[in-house]
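Colleague: This structure is in structure tokens; I'll ask about it shortly.
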Amino acid sequence: MLGLTQLRAGSALIDLVDVESAEGAKGGAAAGRKRRNVDHFCVQLESFDEKKIGAFLQRKGVKPGIVGRRYGALGHGPSMYLTDPDGNMVELKGPPDPDQSERMPGAKYPSRRRARSVG
């Protein structure tokens, strides 16, 4: 259980994360005068070229994050998290993958074959 509620607003996906959940604990204590209350914001990109994005960010003095396949408003696709100069967490999200399956590396899935009846 991730400890979050996902809301849709048009094509946008808004994740509300309970600060008492394991995922919420990663963000620290609940929001207050000296604590943030937004985990990150996401910018949807029309295309996603990891090398070009990384080179651009480095030229601007921003450390690129690790690219991974993540779920977002338009489904699964490539994304990168980074921290902007003001300390905000930003996700750069590429277009959705053609394959939108939920398969996770190393997970075992039941066979799609039907059991044969004996008789």
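Colleague: Under 6 Å by Cβ, and 6 or more places apart or on different chains, what pairs join a residue from the range 85-98 that is closer than 12 Å to VAL38 by Cβ with one that is among the acidic types (Asp, Glu) and in a loop (DSSP other than H, G, I, E, B)?
Modeller: VAL90/ASP84
Colleague: For residues that are modelled with pLDDT under 90 and surrounded by fewer than 13 Cβ atoms within 10 Å (Cβ to Cβ), tally how many sit in the range 64-74.
Modeller: Residues in the range 64-74 being modelled with pLDDT under 90 and surrounded by fewer than 13 Cβ atoms within 10 Å (Cβ to Cβ): 0 in total.
The values are calculated or read from the model by the stated rules, or taken from the named source; none is laboratory data. Predicted, not measured: the structure shown is a model, and the values here were computed from it. Cβ coordinates were reconstructed from backbone atoms using ideal geometry, including for glycine residues, and neighbour counts include every protein chain displayed.
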